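The values are calculated or read from the model by the stated rules, or taken from the named source; none is laboratory data. These figures come from a predicted structure and were not determined experimentally. Here Cβ is always computed from backbone atoms with ideal geometry, including for glycine, and neighbour counts include all displayed protein chains.
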């Protein structure tokens, strides 16, 4: 198995609302994304960072998972959404900084044009609901499209009230199994 870095983004001063990887080559078997993000906004708040493929804004996404915030595990099912929640991070305002959140996103068979796309996300971080909360999410996702994935958008997308803060990083890798 070989893992190849396709693209890497580190957010600069002032933050960004979204990161987009375009012209993703169809030459790998799978894709893998590693994220380390911190939120930035007008208030301190837990913020979801969203993901879409090929600029698809239709309600073609579903997400099922287990969430654990603090000591209270719950299950969540989101159907017919226009995005997938890729990760969550607590935003900061007025110089109050919170922990970075991290996420690992695995997309098998991303270039297969016969099947819908499955996406596995594991993400975790701290300071989500209060200064002492830690969280961990495990998500099974579906993008109901047989199109090969050629672009990935991650960020607040249509919700421009919060940004990814400076020093947030997102790396896209291609995996070859042979």
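Whenever a residue of the stretch 1-23 is on the phi > 0 side of the Ramachandran plot and in contact (Cβ under 8 Å) with a residue 24 or more places away in the chain, its partners that are assigned to a strand (DSSP E or B) and crowded, with 17+ Cβ neighbours inside 10 Å, lying with C-beta atoms within less than 6 angstrom and at least six residues away or across chains, give the pairs 15/40; 15/163; 15/164. Select from the stretch 150-176 the residues that are over 15 Å from the mean Cα position of the chain (by Cα) and modelled with pLDDT of 90 or more and write down the one among them that is nearest to residue 111 (Cα to Cα). The qualifying residue nearest to residue 111 (Cα to Cα) is 150. Restricting the first member to the stretch 133-156 and to residues that are surrounded by fewer than 16 Cβ atoms within 10 Å (Cβ to Cβ), and the second to residues that are assigned to a strand (DSSP E or B), the beta-carbon pairs closer than 6 Å and six or more apart or on different chains are 134/126; 136/68; 136/124; 138/65; 138/66; 138/122; 140/64. Among the conditions (1) crowded, with 20+ Cβ neighbours inside 10 Å; (2) over 16 Å from residue 35 (Cα atoms); (3) modelled with pLDDT of 90 or more, residue 118 misses just one, which is (1). Selection of strands (runs of 3 or more DSSP E) fully inside the stretch 1-64 by the criterion of at least 1 residues being in contact with a strand residue (DSSP E or B) (Cβ under 6 Å, 6 or more places away or on another chain) and over 14 Å from residue 154 (Cα atoms) returns 2-10, 30-37, 39-41, 46-53.
Residues are listed down the side, and each one gets a yes or a no for (1) modelled with pLDDT of 85 or more; (2) touching a helix residue (DSSP H, G or I) at 6+ places or on another chain (Cβ under 6 Å); (3) over 27 Å from residue 145 (Cα atoms); (4) exposed (fewer than 12 other Cβ atoms within 10 Å of the Cβ):
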| residue | (1), (2), (3), (4) |
| --- | --- |
| 18 | yes, no, no, no |
| 27 | yes, no, no, yes |
| 30 | yes, no, no, no |
| 35 | yes, no, no, no |
| 40 | no, no, yes, no |
| 52 | yes, no, no, no |
| 65 | yes, no, no, no |
| 75 | no, no, no, yes |
